[in-house]
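Trainee: Below is one structure. I have some questions about it.
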Amino acid sequence: DTEVTQTPKHLVMGMTNKKSLKCEQHMGHRAMYWYKQKAKKPPELMFVYSYEKLSINESVPSRFSPECPNSSLLNLHLHALQPEDSALYLCASSHPVEGAGNTIYFGEGSWLTVV
Amino acid sequence: QQQVKQSPQSLIVQKGGIPIINCAYENTAFDYFPWYQQFPGKGPALLIAIRPDVSEKKEGRFTISFNKSAKQFSLHIMDSQPGDSATYFCAPRAGTYKYIFGTGTRLKVLA
């Protein structure tokens, strides 16, 4: 079983709704990630937090707003989404070790449907 | 330069066969070469990974072969089983946080 826990597993939201996806890890990792995955496509990096600071934003639209309250928690706040944002949203974590093989551990994802 | 080309797109083998999945890259700055396995409805999970100073690594039935000069690495699954049916992604690392995922290979192992 994965040690990265994501909630909710499924979410249906309207285009005017505000919702949040949550992620938690207890492996002591100091890097946490949000990826987006469409059906039959590879995961696409959205955001990376390292030591609770936003390190990478892959030009993600502002309707997606990440938050890292502490080293174990990562949220993705959703507002005014479009139907094309429907996808599997994956959280992941790793040790931020430069120059060595750090392993990314993924959660099982949150399936988001925007109607 | 970040592009990663994975092949084949899909693969069907009989139980006991040895499927081989290939990944070619251009970026010589990649410094870590993992393969991820993803079952339907689940997140990707690290299967096996290799560093560029090693040409081959085996873990159980899974082997990575790495050819630095050709800028290619491949995944071999020995004695494949129906439970290996999944999507496989190569994901070489370009920097501490950036893993560049290949397009994926859907493997089906027939019983």
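Trainee: For segment B:62-69, check the following and say yes or no: at least one residue is within 29 Å of A:Met32 (Cα to Cα) and in contact (Cβ under 8 Å) with a residue 60 or more places away in the chain.
Mentor: no
Trainee: Ok, one more. Of (1) within 14 Å of another protein chain (Cβ to nearest Cβ); (2) within 12 Å of the chain's Cα centre (by Cα), A:Lys38 satisfies all except one. Which?
Mentor: Only one criterion is unmet by A:Lys38, namely (2).
Trainee: Evaluate segment A:72-79: report whether one residue or more is in contact with a helix residue (DSSP H, G or I) (Cβ under 9 Å, 6 or more places away or on another chain), over 18 Å from A:Val4 (Cβ atoms) and not acidic (Asp, Glu).
Mentor: Scanning segment A:72-79 turns up at least one residue that is in contact with a helix residue (DSSP H, G or I) (Cβ under 9 Å, 6 or more places away or on another chain), over 18 Å from A:Val4 (Cβ atoms) and not acidic (Asp, Glu).
Trainee: Separate question: Within segment B:9-23, does at least one residue satisfy the condition of being within 22 Å of A:Ser93 (Cα to Cα) and either within 9 Å of chain A (Cβ to nearest Cβ) or not in a strand (DSSP E or B) (or both)?
Mentor: No, segment B:9-23 contains no residue that is within 22 Å of A:Ser93 (Cα to Cα) and either within 9 Å of chain A (Cβ to nearest Cβ) or not in a strand (DSSP E or B) (or both).
Trainee: Of the residues A:Ser71, A:Ser50, A:Ser94, which is modelled with pLDDT under 95, among the hydroxyl-bearing types (Ser, Thr, Tyr) and under 23 Å from B:Phe39 (Cβ atoms)?
Mentor: A:Ser94
Trainee: Further, regarding this structure: Taking the conditions exactly as written (touching a Pro at 6+ places or on another chain (Cβ under 8 Å) and hydroxyl-bearing (Ser, Thr, Tyr)), does B:Thr28 satisfy them or not?
Mentor: It is false that B:Thr28 is touching a Pro at 6+ places or on another chain (Cβ under 8 Å) and hydroxyl-bearing (Ser, Thr, Tyr).
Trainee: Kindly state which strands (runs of 3 or more DSSP E) lie completely within segment B:46-111 and contain at least 2 residues that are away from chain A (no Cβ under 14 Å) and under 20 Å from B:Ser10 (Cβ atoms).
Mentor: B:72-77, B:105-110
Trainee: Also, I was wondering about something else. Inside segment A:75-89, can you point out the residues that are without any contact (Cβ under 8 Å) to a residue 60 or more places away in the chain and open to solvent by less than 20 Å² (accessible area, probe 1.4 Å)?
Mentor: Scanning segment A:75-89 gives A:Asn75, A:Leu76, A:Asp85, A:Ala87, A:Leu88.
Trainee: Taking segment B:31-45 as the search range and keeping residues that are hydrophobic (A, V, I, L, M, F, W, C) and open to solvent by less than 10 Å² (accessible area, probe 1.4 Å), which one is nearest to the other protein chains (Cβ to nearest Cβ)?
Mentor: Looking at the filtered set, the residue picked out is B:Phe33.
Trainee: Given the residues B:Ser55, B:Ser69, which is the only one that is more than 15 Å from B:Phe101 (Cβ to Cβ) and either charged (D, E, K, R) or surrounded by 12 or more Cβ atoms within 10 Å (Cβ to Cβ) (or both)?
Mentor: None of the others qualify; the one that does is B:Ser55.
Trainee: Could I ask something else about it? In the set A:Lys9, A:Lys36, which member is basic (Lys, Arg), in contact with a Phe, Trp or Tyr (Cβ under 8 Å, 6 or more places away or on another chain) and surrounded by fewer than 20 Cβ atoms within 10 Å (Cβ to Cβ)?
Mentor: None of the other options fit; the residue is A:Lys9.
The values are calculated or read from the model by the stated rules, or taken from the named source; none is laboratory data. Computed from a predicted structure; not experimentally measured. Neighbour counts run over all protein chains shown; Cβ positions are idealised from the backbone, glycine included. To get the accessible areas, we keep the full protein, side chains included, count just its heavy atoms, and leave off ligands, DNA and RNA. Shrake-Rupley method; radii C 1.70, N 1.55, O 1.52, S 1.80 Å.
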